[in-house]
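Chemist: My questions will all concern the structure given below.
Just so you know, all these numbers are worked out from the coordinates, no wet-lab data involved. Quantities reported herein were computed from a predicted structural model and do not represent experimental measurements. Neighbour counts run over all protein chains shown; Cβ positions are idealised from the backbone, glycine included.
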Amino acid sequence: MNVYRKYCPNVFVAECDEEHEKGDEIIITTKYGKENEHIVHNLVKKHNGKFYYSITRSDGFNSQERARNKAEKLSTYADNAMVRSDDYIKRSTEGKDFLSLGEPIKVGHHSEGRHRALIERNNKRLDHALEEEKKAKSYEIRIDYWEDMADKIDLSMPESIEYFKDQLEKAKAHHAGLKDGSIPRQHSYSLTYAKNKCNELQKKYNTAVILWG
């Protein structure tokens with residue numbers, strides 16, 4: 001049986017009992033028993049008789065698609081929360097004509113119970129409205145995150161080779177400029193930070209080559 005194994009951040013490879021060729025279509029089973037069709041790309045390692053391959057979904061579904069779906073779901077949740085909030089606000093106006101008169105609660109009068117219950121119901125509805133509004137705002141924050149992720153290229157995608165190659169070349173040019181003085185240094189650690197960025201991007205590019213080269 002073929003299963004998923006984490007290779008590095010954002011990247012899962014196929015752990016297989018048998019060897020496969022590039023372009024083969026295989027079924028991978030999740031830990032929940034769901035089966036997904038994948039296309040085999042590169043053999044990234046062999047260990048204890050197992051073969052590990054970089055893979056992409058046969059249906060084209062990837063992390064960007066997942067992020068877009070997540071953002072759409074959260075957008076629906078946010079819309080529904082605001083609908084519920086508006087509904088609670090409308091319902092909190094129950095007895096508004098009577099309450100607008102500013103009549104005090106008549107203690108001991110037969111109307112006391114109804115008066116207090118009306119105010120309590122409306123207050124609870126306003127509390128619920130605020131809770132739903134807070135939910136909507138929290139969803140919107142998460143929507144922004146997933147929308148950003150939808151435009152992000154990571155190592156789980158074959159196009160990451162060109163992306164990280166381009167980013168590495170830009171980082172190296174920036175580092176060289178800081179080193180020869182053609183680019184002003186903003187602070188004493190500018191050169192160190194630029195070098196660290198080059199090293200980080202070099203590692204990502206090397207990993208992308210192993211996965212998709």
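Chemist: Go through the stretch 154-213 residue by residue and tally those that are over 23 Å from ALA14 (Cβ atoms) and of a type in the set (Phe, Trp, Tyr).
Modeler: So the answer is 2.
Chemist: Here is a further query. Give the stretch 43-94 a look and list any residue that's of a type in the set (Lys, Arg) and more than 28 Å from the chain's Cα centre (by Cα), or say none.
Modeler: LYS45, LYS46, LYS50, LYS90, ARG91
Chemist: Within the stretch 30-41, how many residues are buried (at least 16 other Cβ atoms within 10 Å of the Cβ) and in contact (Cβ under 8 Å) with a residue 24 or more places away in the chain?
Modeler: Selection size over the stretch 30-41: 3.
Chemist: Please enumerate the residues belonging to the stretch 161-213 that are assigned to a helix (DSSP H, G or I), without any contact (Cβ under 8 Å) to a residue 24 or more places away in the chain and of a type in the set (A, V, I, L, M).
Modeler: Hits for the stretch 161-213 are ALA173, ALA176, LEU178, LEU191, ALA194.
Chemist: Among the residues of the stretch 1-58, write down those that are more than 14 Å from TRP212 (Cα to Cα) and aromatic (Phe, Trp, Tyr).
Modeler: TYR4, TYR32, PHE51
Chemist: For the subset of the stretch 147-160 comprising residues that are out of contact with any Lys or Arg (no Cβ under 6 Å at 6 or more places or on another chain) and in a helix (DSSP H, G or I), which member is farthest from TYR193 (Cα to Cα)?
Modeler: GLU147
Chemist: Another question, then. Which residues, counting only those in the stretch 54-68, are part of a loop (DSSP other than H, G, I, E, B) and surrounded by 15 or more Cβ atoms within 10 Å (Cβ to Cβ)?
Modeler: ASN62
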